[in-house]
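Student: Submitted below is the structure of interest, expressed as C-alpha cells.
The values are calculated or read from the model by the stated rules, or taken from the named source; none is laboratory data. The shown structure was predicted, so the numbers you read here are calculated from the model rather than taken from an experiment. Every residue, glycine among them, receives a Cβ derived from its backbone with ideal geometry; neighbour counts consider all protein chains shown.
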Amino acid sequence: MARRRNRQYAVPGVGQALQTFKAEVMRNEGYAVDPNRPDDVKFEVAKELGIPLQQGSNGQITTESAGLIGGKIGGSMVRELIRLAEQQLAKERQSES
C-alpha cells in the first residue's frame, strides 16, 4: 500500500498551485503529464532513468535512485522558478528606467 505524504507547505493553500506548476514544467520538459495526477510524472522520469519505480511499495529503490528521480523533477522546477524571477527583475528594472 502506498503511503501518502502529508505535505506541510510554508504558505497555506499553495499545494494545488505547486502541483499545477509541476505539471506545466514537466510538460515543457517533454513529459506526458496528466494534469489531474502530476505526481505520476515520477514514473515516466524513473523509466527514462532506468529505475524500476512502480505503484505501491518501492523498498528495493535505493536512496540514490529516489534522489535522481526527485532531483530531475525538482531541479526542473527550480530552474523555471529562477528563470521567472530573473524575468520579473528585468521587467522591474526596465520600468524604473
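Student: Enumerate the helices (runs of 4 or more DSSP H) found wholly within the chain, keeping only those where 3 or more residues are of a type in the set (K, R).
Tutor: 63-96
Student: Let me ask you something else. Name every residue in segment 25-47 that is touching a residue at least 24 places away in the same chain (Cβ under 8 Å) and over 10 Å from I73 (Cβ atoms), in order of residue number.
Tutor: First pass over segment 25-47, keeping only residues touching a residue at least 24 places away in the same chain (Cβ under 8 Å): 25-26, 28-29, 41-42, 45.
Selection gives N28 alone.
Student: Residues A10, A2: which one is at pLDDT below 90 and within 23 Å of R79 (Cα to Cα)?
Tutor: On inspection, the qualifying residue turns out to be A10.
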